[in-house]
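The values are calculated or read from the model by the stated rules, or taken from the named source; none is laboratory data. Owing to the predicted nature of the structure, the values given are computational and were not obtained by experimental measurement. Methodologically, a virtual Cβ is constructed for each residue, glycine included, from the backbone with ideal geometry; neighbour enumeration extends over all protein chains shown. Remember, those area values only see protein heavy atoms, side chains included, never the ligands or the DNA or RNA. Shrake-Rupley method; radii C 1.70, N 1.55, O 1.52, S 1.80 Å.
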Amino acid sequence: MQNIFDPLIIRGKSLIPIVQGGMGVGVSASGLSSAVARENGIGTIASVDLRHLHEDLLAESQINPSEEKYTSLNCTALDREIQKAKSASEGKGLIAVNVMKAVKDHAAYVRQACESGADAVVMGAGLPLDLPEMTEGYHKDVALLPILSESRGINIVLKRWMKKGILPDAIVVEHPAHAAGHLGASTVEGVNDAKFDFKRVIEETFEVFKSLGLESEKIPLILAGGMANFEKVKTALKNWGASAVQIGTAFAVTEEGDAHLNFKKTLAGAETEKVVEFMSVAGLPARGVRTKFLDSYIKRESKLQANAKADPRRCTQGLNCLTSCGLRDGLAKAGQFCIDIQLAAAFRGEVDKGLFFRGKDPLPFGNAIRTVRETIQYLLTGSEPVATLGR
């Protein structure tokens with residue numbers, strides 16, 4: 001696809017400067033990631049609870065359930081999705097796997113991603129200081145992309161990784177004021193802190209590179225959050241010095257997105273005032289659509305937090321998916337609901353019951369659902385597809 005931008009270079013491979021963000025539970029799996037990869041971009045599978053895409057694994061998990069069994073079945077699901085995505089991508093682009101550091105079994109999912117042949121591992125929702133150790137033995141084959149939100153965190157990660165002789169293949173810089181899902185700030189109020197401004201973070205990161213003697217390494221910076229707009233892409237890549245942008249919500253609502261049509265319609269049709277921030281059970285701010293579930297929860301949040309108490313029985317699934325869970329561990333400043341149940345409901349298109357993560361900014365085609373190719377064409381050229389009957 002002809003465009004005015006320089007390619008994104010990862011491990012010597014020339015790619016379009018578009019990265020599809022990882023979105024769980026099941027929102028970005030083999031279908032979406034392979035479609036992006038076929039356009040020579042980076043398609044990303046979110047590793048969180050992929051059982052929901054496989055009826056046999058979902059059924060198996062209900063028989064004598066245990067935490068270890070859930071982890072094993074999710075690794076099986078992740079392997080299946082990677083294999084399907086690699087086959088369907090036709091050797092184009094890259095297939096990455098996003099693993100949240102906040103997930104209890106993150107190390108197991110990182111190893112599975114490596115063993116299953118993923119081209120890259122992307123890690124956020126916590127400082128990925130030990131990602132090099134988790135991928136030991138695969139450094140020649142798997143690119144490593146940490147997700148961070150400000151230059152201080154980037155400096156810390158770089159110094160720690162350099163002691164191990166490892167450098168990131170790229171760094172995803174995610175802006176908490178615009179991104180969907182879990183956000184890289186400590187409080188809801190903190191998502192708008194000026195330290196997260198893209199231009200500032202890029203300038204400060206270039207200074208970090210200089211101070212650490214890494215200028216010649218030319219580590220790509222990938223901006224994530226509110227970037228699904230051609231003019232913003234052009235500013236980021238042509239004026240600020242970024243190498244690529246990462247897009248989530250705009251790809252989640254494409255025809256190839258792995259979630260239910262109701263999920264896509266809920267995200268695409270959400271008005272600006274319906275996109276709100278709240279505290280997730282993972283102890284991080286999050287952003288989503290104020291649907292019936294989220295509206296009810298937000299109204300009761302203070303009361304629920306006041307009654308928070310540590311009780312393993314509150315994890316009714318026995319999944320124990322998070323290292324730290326506000327509901328299970330009685331953390332009064334964190335969310336008080338089961339995030340896996342609510343995200344799975346959203347994936348299935350249960351509008352009243354689900355938790356629908358969404359970015360803050362408008363989508364390229366309003367409430368219309370388009371293809372991955374049309375979305376990438378717009379992001380790279382600014383040209384919008386001609387409307388057709390029934391779309």
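Is it fair to say SER72 is open to solvent by 40 Å² or more (accessible area, probe 1.4 Å), over 19 Å from the mean Cα position of the chain (by Cα), polar (S, T, N, Q) and over 25 Å from PHE356 (Cβ atoms)? Break it down into steps so the answer makes sense when it comes.
Numbers: open to solvent by 40 Å² or more (accessible area, probe 1.4 Å): yes; over 19 Å from the mean Cα position of the chain (by Cα): yes; polar (S, T, N, Q): yes; over 25 Å from PHE356 (Cβ atoms): yes.
Against the criterion (open to solvent by 40 Å² or more (accessible area, probe 1.4 Å), over 19 Å from the mean Cα position of the chain (by Cα), polar (S, T, N, Q) and over 25 Å from PHE356 (Cβ atoms)), SER72 qualifies.
Any residue in segment 132-151 that is without any contact (Cβ under 8 Å) to a residue 12 or more places away in the chain sitting within a Cβ distance under 7 Å of a residue that is surrounded by 23 or more Cβ atoms within 10 Å (Cβ to Cβ) and of a type in the set (S, T, N, Q)? List the pairs, counting only those 6 or more apart or interchain.
No pair meets every condition.
Determine which single condition ALA88 fails, assuming it passes every other condition in (1) open to solvent by less than 30 Å² (accessible area, probe 1.4 Å); (2) of a type in the set (A, V, I, L, M, F, W, C); (3) farther than 25 Å from GLY283 by Cβ.
With respect to (1) open to solvent by less than 30 Å² (accessible area, probe 1.4 Å); (2) of a type in the set (A, V, I, L, M, F, W, C); (3) farther than 25 Å from GLY283 by Cβ, ALA88 is out only on (1).
Within segment 156-164, is there a residue that is crowded, with 17+ Cβ neighbours inside 10 Å and in contact with a His (Cβ under 9 Å, 6 or more places away or on another chain)? Step through it out loud before you land on a result.
First, pick out the residues of segment 156-164 that are crowded, with 17+ Cβ neighbours inside 10 Å: 157-158, 161.
Within this subset, residues satisfying the condition of being in contact with a His (Cβ under 9 Å, 6 or more places away or on another chain) are none.
Checked against the condition, which is being crowded, with 17+ Cβ neighbours inside 10 Å and in contact with a His (Cβ under 9 Å, 6 or more places away or on another chain), segment 156-164 yields no hits at all.
Here are some residues: ILE156, ILE166. Which one is more than 19 Å from the chain's Cα centre (by Cα), closer than 27 Å to ALA107 by Cβ, assigned to a loop (DSSP other than H, G, I, E, B) and in contact (Cβ under 8 Å) with a residue 24 or more places away in the chain?
Details: ILE156 fails: assigned to a loop (DSSP other than H, G, I, E, B).
On inspection, the qualifying residue turns out to be ILE166.
Scan segment 225-246 and give yes if some residue there is among the hydrophobic types (A, V, I, L, M, F, W, C), within 20 Å of SER28 (Cβ to Cβ) and surrounded by fewer than 19 Cβ atoms within 10 Å (Cβ to Cβ), otherwise no.
There is no residue in segment 225-246 that is among the hydrophobic types (A, V, I, L, M, F, W, C), within 20 Å of SER28 (Cβ to Cβ) and surrounded by fewer than 19 Cβ atoms within 10 Å (Cβ to Cβ).
Residue-wise test of (1) open to solvent by 50 Å² or more (accessible area, probe 1.4 Å); (2) modelled with pLDDT of 95 or more.
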| site | (1), (2) |
| --- | --- |
| LEU267 | no, yes |
| PHE278 | no, yes |
| ALA282 | no, no |
| PHE293 | no, yes |
| ARG300 | yes, yes |
| ASP311 | no, no |
| GLY318 | no, no |
| THR323 | yes, no |
| LEU331 | yes, yes |
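If HIS260 passes every condition in (1) more than 25 Å from SER34 (Cα to Cα); (2) open to solvent by 70 Å² or more (accessible area, probe 1.4 Å) but one, which one does it miss?
HIS260 satisfies all of (1) more than 25 Å from SER34 (Cα to Cα); (2) open to solvent by 70 Å² or more (accessible area, probe 1.4 Å) except (1).
List the number of the failed condition for LEU148; all other conditions in (1) open to solvent by 30 Å² or more (accessible area, probe 1.4 Å); (2) under 20 Å from GLY359 (Cβ atoms); (3) under 13 Å from the mean Cα position of the chain (by Cα) hold.
Here LEU148 meets the rest and fails (1).
Matching residues to (1) under 25 Å from ALA37 (Cα atoms); (2) touching a helix residue (DSSP H, G or I) at 6+ places or on another chain (Cβ under 8 Å):
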site	(1), (2)
LYS303	no, no
ARG314	no, yes
LEU319	no, yes
SER324	no, no
LEU327	no, yes
ILE341	no, no
GLY349	no, yes
GLY359	yes, yes
ASN367	yes, yes
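Quick check: anything in segment 323-341 touching an Asp or Glu at 6+ places or on another chain (Cβ under 8 Å) and β-branched (Val, Ile, Thr)?
Scanning segment 323-341 turns up no residue that is touching an Asp or Glu at 6+ places or on another chain (Cβ under 8 Å) and β-branched (Val, Ile, Thr).
Has segment 210-221 got any residue that is crowded, with 17+ Cβ neighbours inside 10 Å and of a type in the set (Ser, Thr, Tyr)?
Scanning segment 210-221 turns up no residue that is crowded, with 17+ Cβ neighbours inside 10 Å and of a type in the set (Ser, Thr, Tyr).
State whether the residues of segment 32-51 include one that is surrounded by fewer than 17 Cβ atoms within 10 Å (Cβ to Cβ) and acidic (Asp, Glu).
no
Could you list, in sequence order, the residues of segment 327-386 that are outside any loop (DSSP other than H, G, I, E, B) and of a type in the set (A, V, I, L, M)? Talk me through it step by step, then tell me what you get.
Residues of segment 327-386 that are outside any loop (DSSP other than H, G, I, E, B), as a first pass: 327-329, 339-347, 357, 372-381.
Those that are outside any loop (DSSP other than H, G, I, E, B) and of a type in the set (A, V, I, L, M): LEU327, ILE339, ILE341, LEU343, ALA344, ALA345, ALA346, VAL372, ILE376, LEU379, LEU380.
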